[in-house]
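The structure appears right after this line, and notes come after that.
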């Protein structure tokens, strides 16, 4: 008899839990976790060790699926020279040139070159100083930048490299997404909004170039733009995500409550905005039912 626990549904999104190498049950789509001890398995025929053996750590396998959309196929080499004279060669598949910085996207790294290299220190201070609630079951740090390299360049600029999984892509590559897909991205952003509120942080502005997604899981990552973050009671990010959502979504597929939310003003706090969005999910989309990407 197969343990029923392998197939229980996630309360957050309706997907099935899978077990990881560490023995916890993890939702492969929204990241929710359930930590179980041996006592929790008394009513089931299979023990946790048997589940581990049977499942073969499916979460870990799904986490390294690679280039699921086959978008890493046309690259060019960009070279940078550090102030120490070292040459850095970066394989870039997509790039964005903005007035204050250049962004180069590789399959497992993002290189950001700032005209003002002091911006890198500001980003590092902000991200490293973020505190997480004790009930952070979704592991929200994975959706923020993980800086793996930084250096001064010979021309006075600065370069920062951020790690990312191969199956995470820039959001600006997508358009006309169905509302059922964009809804899950908004849900993740609302989680991150609560984290920003918890730390009294706000973005000067979040742009579509700052956001990355995993199409398999619909997860949204804010991997850039942190140089414009400061300690303030403002909540510009609640306004910005509404505009970005409408930019990438086919609005004709959205239920009325969804468009009312996106066209309306944000709630006074990120916590209240999260509650308002959850009401849209429950009443506008019929609850937490997972949908495949753009279906």
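The values are calculated or read from the model by the stated rules, or taken from the named source; none is laboratory data. Please read all numbers here as calculations on a predicted model, not as lab measurements. Ideal geometry is used to build each Cβ from the backbone, glycine not excepted, and the neighbour counts take in all protein chains shown.
Assess whether residue 254 counts as being over 30 Å from residue 163 (Cβ atoms), surrounded by fewer than 13 Cβ atoms within 10 Å (Cβ to Cβ) and over 19 Å from the mean Cα position of the chain (by Cα). No.
For the stretch 283-290, does any single residue satisfy the condition of being in a helix (DSSP H, G or I) and either assigned by TED's automatic domain parsing to the domain that holds residue 98 or over 30 Å from residue 131 (Cβ atoms) (or both)? Yes - at least one qualifying residue is present in the stretch 283-290.
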